[in-house]
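For reference, the structure is listed below as C-alpha cells.
The values are calculated or read from the model by the stated rules, or taken from the named source; none is laboratory data. Given the structure is predicted, the values throughout are model-derived calculations rather than measurements. Positions of Cβ are backbone-derived with ideal geometry, glycine not excepted, and every protein chain shown enters the neighbour counts.
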Amino acid sequence: MSALASTLAQITDAADAQNVEAAGSAGFAYGLAAIGPGIGIGYLVGQAVQAMARQPESAGQVQTTMFLGIAFTEALALIGFVVFILLKFV
C-alpha cells in the first residue's frame, strides 16, 4: 500500500510543478499583452490633450473620439486577460 501512496504522491507533485510553471507562463503572457495597450492608451491620451490645447473649440469631438479609441485599445488588454485565465485554469 505504501508503494501506491508514494506513486500517487509523485504524480501529484509533478502535476503541481506543471501548474506552477503554467501559471508563471500565463502571468508573463498577460504582462506582455498589457504592454501594448498601455503604450497605446498613453499615446492616444497625450495626442488628444495636445489637440484640445491647440483647438479648444473641437474639444468635445476630440474627447469622444479619444474615449472610443481608449475602449478599442483596452479591448486588447482584456483579450490578453482572457488568454491568461484560460492558460492558468484550463
Exercise for the section: Could you tell me whether the stretch 55-74 includes any residue that is exposed (fewer than 15 other Cβ atoms within 10 Å of the Cβ), within 21 Å of PHE28 (Cβ to Cβ) and out of contact with any Cys (no Cβ under 8 Å at 6 or more places or on another chain)? Expected result: yes
Handout entry: THR7 vs. criteria loosely packed, with under 14 Cβ neighbours inside 10 Å and either on the phi < 0 side of the Ramachandran plot or at pLDDT 75 or above (or both)
Key = yes
